[in-house]
Amino acid sequence: MKRIYMDYAATTPMHPEVLEAMKPYFADRFGNPSSIHFYGREAKKAIDSARDLIAGSINAKSEEIIFTSGGTEADNFALEGVAYANEKKCDHIISIPIEHHAVTNCLEYLKRRGFKITYVPVDKTGMVDPEDIRKAITDRTILVSVMHANNEIGTIEPIAEIGKICKEKNVYFHTDAVQTFGHYKIDVNELNVDLLSASAHKLYGPKGVGMLYVRKGVKIVPYLYGGEQERGMRASTENVPGIVGFAKAVEIAGHGFDNGSQTDKRIRQLRDKLIQGILSKIDDSILNGHPTQRLDNNVNVSIKYIEGESILLNLDLEGIAASTGSACSSGSLEPSHVLLAIGLDHESAHSSLRLTLGNGTAEEEVDRVLEVLPKIVKKLREMSPLIK
Ligand code: PLP
């Protein structure tokens, strides 16, 4: 059976050139970047160039990039690092309820440590109104954290406007750009962000490596204590192959920006074909997320009267890999916090299906999903106790 992968928001396959770039750093160039001999210097040079390239891609300075073990660590680092560095002065953090658990669970931890957390509601498309963020800011506010784009429903938040408000109000602004970094051109100065999280495995790079951009001057405490790696902000011997692979993935993504991101235009057209196909072929199906301000590769629908999990299992039997929400929460019986926050009732939230496309998605694959999915839905609805 030919398998179809439509879960690129969960992770992406590594680009072959990324793998080639990483290989030497597992074997011949194995040095510890902190060693002063040739082997160490060779490894250090590799991470320095990776840092330069990644910083340049977002108009940041090299010393503003801290490599991490992924997006989750970057998010935790940003929130805890800024909260603890400024706790004597302020204790209030603002965010939105549809953040990834890497943010919400960390905020809940900070709440238990005495910080005050405000979640500014989003509308039914998942979009937050920047003016509501303005209204939530008090003289106790340290930080605002709003994701660039949502991983489940694909809604792209008005980051530049929020950044402008935070700058005016003299409040730090963090964005989780895990779903956009390497897919959209990002300039940290145009967006007015002080901290930004990214993860390599969402842009055809390796898993287990990411970065946190921290604007010069931001008061933040280290995340890991130990050696002097990452200027003392994140101790531990660097993941040299991972960092090299991350930079290669960013370089390859940048070629897409140079040619006007043709790939994403192709993906956007396939996404629209899939959305229109599903909505027209399946009665009582609705699109979740914003109709236009959404990630080029994201389709998220609720298909009434049946469970998302049942659809997933049936798609899997047909060789089609999809998701019901974020990969991290699959296996849990709780409906997605994102879908509940945009106002879906429990039943609609349970009947959601996320299909995310990528560089490897072919039009025939979209056609196959549009052929198979309505049949699965018909079969499941015939068995559904929710239909009278
Ligand atoms: N933030 C968002 C928006 C994500 O989509 C993810 C991964 O799904 C993460 C954070 C966590 O990234 P990582 O898997 O690199 O820890």
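If you take the residues in segment 26-50 that are part of a helix (DSSP H, G or I) and touching a residue at least 24 places away in the same chain (Cβ under 8 Å), which one is surrounded by the fewest Cβ atoms within 10 Å (Cβ to Cβ)?
Out of the qualifying residues, it is PHE26.
Does SER326 satisfy the criteria of being in contact with a helix residue (DSSP H, G or I) (Cβ under 8 Å, 6 or more places away or on another chain), modelled with pLDDT under 95, within 17 Å of HIS100 (Cα to Cα) and of a type in the set (Gly, Ala, Ser)?
In short, yes.
Please find, within segment 163-174, the residue that is farthest from the ligand (Cβ to nearest atom) out of those that are in a helix (DSSP H, G or I) and crowded, with 21+ Cβ neighbours inside 10 Å.
Per the criteria, the residue is CYS166.
Rundown of residues vs (1) away from the ligand (no atom under 16 Å from the Cβ); (2) under 22 Å from ASN32 (Cβ atoms), yes/no style:
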{"residue": "ASP176", "(1), (2)": "no, no"}
{"residue": "THR180", "(1), (2)": "no, no"}
{"residue": "ASP187", "(1), (2)": "yes, no"}
{"residue": "ALA198", "(1), (2)": "no, no"}
{"residue": "HIS201", "(1), (2)": "no, no"}
{"residue": "GLY208", "(1), (2)": "no, yes"}
{"residue": "VAL218", "(1), (2)": "yes, no"}
{"residue": "LEU224", "(1), (2)": "no, yes"}
{"residue": "GLU230", "(1), (2)": "yes, yes"}
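Which residue is surrounded by the most Cβ atoms within 10 Å (Cβ to Cβ), if the candidates are limited to segment 153-162 and must be within 16 Å of the ligand (Cβ to nearest atom) and closer than 23 Å to VAL301 by Cα?
Within segment 153-162, the match that is surrounded by the most Cβ atoms within 10 Å (Cβ to Cβ) is ILE153.
For segment 135-152, which residues satisfy the criterion of being more than 16 Å from the ligand (Cβ to nearest atom), assigned to a loop (DSSP other than H, G, I, E, B) and surrounded by 15 or more Cβ atoms within 10 Å (Cβ to Cβ)?
ILE137 - this is the single residue of segment 135-152 that is more than 16 Å from the ligand (Cβ to nearest atom), assigned to a loop (DSSP other than H, G, I, E, B) and surrounded by 15 or more Cβ atoms within 10 Å (Cβ to Cβ).
What tally of residues in segment 45-76 results from selecting those that are under 23 Å from ILE156 (Cα atoms), within 16 Å of the ligand (Cβ to nearest atom) and not small (Gly, Ala, Ser)?
Going through segment 45-76 one residue at a time, the tally reaches 5.
Can you tell me which residues in segment 293-311 are outside any loop (DSSP other than H, G, I, E, B) and touching a Gly at 6+ places or on another chain (Cβ under 9 Å)? Let's see the steps before the verdict.
First, pick out the residues of segment 293-311 that are outside any loop (DSSP other than H, G, I, E, B): 294, 298-303, 308-311.
Of everything in segment 293-311, those that are outside any loop (DSSP other than H, G, I, E, B) and touching a Gly at 6+ places or on another chain (Cβ under 9 Å) turn out to be ARG294, ASN298, VAL299, ASN300, SER302, GLY308.
Within segment 338-369, how many residues turn out to be within 26 Å of TYR204 (Cα to Cα) and in a helix (DSSP H, G or I)?
8
Given the criteria at pLDDT 95 or above, surrounded by 15 or more Cβ atoms within 10 Å (Cβ to Cβ) and outside any helix (DSSP H, G or I), does ASN314 qualify?
Details: at pLDDT 95 or above: yes; surrounded by 15 or more Cβ atoms within 10 Å (Cβ to Cβ): yes; outside any helix (DSSP H, G or I): no.
No; evaluated as a whole, the condition is false for this residue.
The values are calculated or read from the model by the stated rules, or taken from the named source; none is laboratory data. Nothing here was measured: the structure is a model prediction, and the numbers come from that model. Backbone-built Cβ (ideal geometry, glycine too); neighbour counts: all protein chains shown.
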